[in-house]
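The values are calculated or read from the model by the stated rules, or taken from the named source; none is laboratory data. Predicted, not measured: the structure shown is a model, and the values here were computed from it. Cβ coordinates were reconstructed from backbone atoms using ideal geometry, including for glycine residues, and neighbour counts include every protein chain displayed. Ligands, DNA and RNA are excluded from the accessible area calculation, which covers all protein heavy atoms including side chains. Shrake-Rupley method; radii C 1.70, N 1.55, O 1.52, S 1.80 Å.
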Amino acid sequence: MTSTPVPLPSPSIPAAPLSPFKERAFAVVWTATVISNIGSWMQNAAGGWLMISLNPDPGMVAMVQVATALPMFLIGLPAGALADIFDRRRLLLSMEILGTLLTMAIALLVALHRVTPSLLLVLTFLSSAAAALAVPAWQAVVPQLVGRDKLPQAIALNSVGINISRAIGPALAGLNIAYWGIAAPFWLNAISNLGVIGALFWWRAGMVSARQLPPERFGTAVVVGLRHWRYNPHLRATLTRAAGFFLFASAYWALLPLVAHDQISGGPELYGLLLGAIGAGAIAGSFGLPRLKALLGPDRLVALGSAGTALALVLFGSAHQPALAFAASIVAGVSWITVLAVLNVSAQLALPGWVRGRGLAAYAVVMFGALTLGSWVWGEVSSLINLSVAHYIAAAGALAGIPLLRRWKLQTGAGLDLTPSMHWPDPVLAATVGTDCGPVLVTLEYRIAPENRDEFFAAIERLAAVRKRVGAYHWGVFEDVADEGRWLETFMIDSWGDHLRQHDRVTNADRPLEDAVRKFNMGGPPIISHFIAAPGLP
């Protein structure tokens, strides 16, 4: 079970790159997850190779990658909501235990020679679903393991750890398959998860303090996360660029077992070593990223990584000897980490803390959705046309995406202060209001001089996205036809508790947009009113 499959590199060279290891909790959990991820990559490699022995059709082999990536696409957003509203440590423990049991079931069936192509895909899907439910929690839990001053270094070390496991795991899988049989990597993956489970049982420090408000309702949390995604332009740009890259980069992940088996006539050792070479290339590439980013900037760096991915795809399509395939793997690994480093940091910089789990889940949904769709497409193309041609078409698509995606800029949230501003005044109440009461209608009354009408309207239009990002819906602005200069801004929230949460969600980056509206109001701050829907009415 992959504990942290999405690396989150640091955007700059840390002053003390190993300083997070001074935090005992981080050191223990980091070590355990690296071991667990080695096991996960062993299982991923073994699953692709096992399918070749069960059904060598390229479409079926590519479906293993589909079954691995699809769960994150389907349940990523609910998983992000769970990471934001429940205790992350308990959630992680539950999913790691479930994933271990599923992995043991796969290992037993493989060892007894009872596995079929369909059963392999189903069990791979279920195992990946358990991992997908844990992904946002693993990403969001890092600030609980280290202090804020060490967070960038901790993120960078997570990236290094994942690439170490990617380099070691597949190579070990090939060796274990050759000497101990195809079931060995599955058993070793189950064993490797035990370290993570033990580390999570041991870890107690750094838990989130008790909330003053009850947790968000699950359905509302998912909807609010989607709304934030829609109205956060920095996150949307990152997701667009991610979809354009992963759709074509998925080709070599899905088709690599066929390259090793059909084009080069190699065995599981070669396949594992090729996957390991991709991981080794990623590790090597990560060392040069800070200097390249300073030289090129995030957008040109992603363009370079996309071009490198296209080159790797061409090399894979042309590889009929191990040497060329290894060269392609190294280029693919360097290019992969180059693009991922920028995209992941771009997503992180776009998100305030309250929606971090859901926002990172949105990124993972797009990433794994594109990997799922791409794996299926390239498997079908290679079945219908040719394995090499499938690589060449994917390479052309990766190159075409460079100019087509240029308008969506990355890491534009780097200069934003997304800490809570806490400047909204507490509501004045005539009686106690339950947190579940609602929906809630909020109105703000403005008095605007006629000569400022157009400027006020332009300013308040820009405020709409702020309201919706923090959970509002049905936002609108109304002008009183009987009282010139009297305007009402209105928006709705699902419940009184959700409105109180809005007070904690507005950031220092949002405040200037509110100030730009309020400066036109004559007589001080606007008059704010709150209305609760009458119970029992349609």
Task: Residues whose placed amide H lies under 5 Å from that of Cys437, excluding near-sequence neighbours - done: Trp496, Gly497
Open item on the list: If I histogram all Cα-Cα distances within the chain using bins 20 Å wide from 0, what percent of pairs lands in each bin?
Closed with: 21, 50, 23, 5, 0
- [ ] Please list, in chain and number order, the residues 5+ apart from Thr507 or on another chain whose amide H is under 5 Å from its amide H, with Hs placed from the backbone.
- [x] Ser421
Open item on the list: Computing the accessible area with a 1.4 Å probe over protein heavy atoms, can you report the carbon and sulfur percentage for region 206-344?
Closed with: 66 percent
Task: Accessible area (Å², 1.4 Å probe, nearest 10) - Met492 - done: 50 Å²
Open item on the list: Need one value: the accessible area of Leu108 in square angstrom, 1.4 angstrom probe, rounded to the nearest 10.
Closed with: 90 Å²
TODO: For region 250-263, just list the computed ³J(HN,Hα) in residue order, Karplus coefficients 6.51, -1.76 and 1.60, θ = phi - 60°, integers in Hz, with x standing in for Gly and Pro.
DONE: 4, 4, 6, 5, 6, 9, 4, x, 6, 4, 5, 7, 8, 6
Open item on the list: Largest first, please: the extent of the C-alpha atoms of region 296-438 along each principal axis, to the nearest Å.
Closed with: 78, 35, 26
TODO: Return the FRET efficiency for the residue pair Leu324, Asn386: r is the Cβ-Cβ distance, R0 is 22 Å, and the value is rounded to the nearest 0.05.
DONE: 0.80
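Express the accessible area of region 240-397 per residue in Å², computed with a 1.4 Å probe while the remaining protein chains stay in the model.
30 Å²
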Open item on the list: Taking the Kirkwood radius as the inverse of the mean 1/r across Cα pairs, report the Rg/Rh of region 91-205.
Closed with: 1.02
Open item on the list: Report the Cα centroid-to-centroid distance between region 95-122 and region 182-196 in angstrom, as an integer.
Closed with: 11 Å
TODO: Enumerate by residue number the trypsin sites (Lys or Arg not before Pro) in region 362-445 meeting two conditions: DSSP loop (anything except H, G, I, E, B), and at most 14 other Cβ atoms within 10 Å of the site's Cβ.
DONE: Arg406, Arg407
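Where Rh is the Kirkwood radius over the Cα pairs of region 220-303, the temperature 37 °C and the viscosity 0.692 mPa s, what D in µm²/s does Stokes-Einstein return?
203 µm²/s
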Task: Accessible area, probe 1.4 Å, largest first, for residues Thr103, Thr435 - done: Thr435, Thr103
Task: region 262-338 and region 369-395: distance between their alpha carbon centers, rounded to Å - done: 18 Å
Task: For the chain, calculated [θ]222 nm from helices alone, where every DSSP H run of n ≥ 4 adds -39500 (n - 2.57) - done: -23500 deg cm²/dmol
TODO: Give a quick list of trypsin sites (Lys or Arg not before Pro) in region 440-538 that DSSP marks as loop, anything other than H, G, I, E or B, with at most 11 other Cβ atoms within 10 Å.
DONE: Lys519
Open item on the list: Output wanted: per-residue J couplings in Hz (rounded whole) for region 86-91, from phi through Karplus 6.51 cos²θ - 1.76 cosθ + 1.60, θ = phi - 60°, x for Gly and Pro.
Closed with: 10, 5, 5, 5, 5, 4
TODO: List nothing, just return the count: lysine pairs in the chain, 8 or more apart or interchain, with Cα separation under 24 Å.
DONE: 5
- [ ] Sort 308-319, 178-189 for me by packing, meaning the mean count of neighbouring Cβ atoms within 10 Å per residue, highest on top.
- [x] 308-319, 178-189
Task: For region 272-277, Karplus couplings with θ = phi - 60° (6.51, -1.76, 1.60), whole Hz, Gly/Pro x - done: x, 5, 5, 5, x, 5
Open item on the list: With a 1.4 Å probe and all protein chains left in place, how much accessible area per residue does region 65-111 have, in Å²?
Closed with: 36 Å²
Task: Evaluated at q = 0.12, 0.14 Å⁻¹: base-10 log I(q)/I(0), Debye formula over Cα of region 387-521 - done: -0.64, -0.77
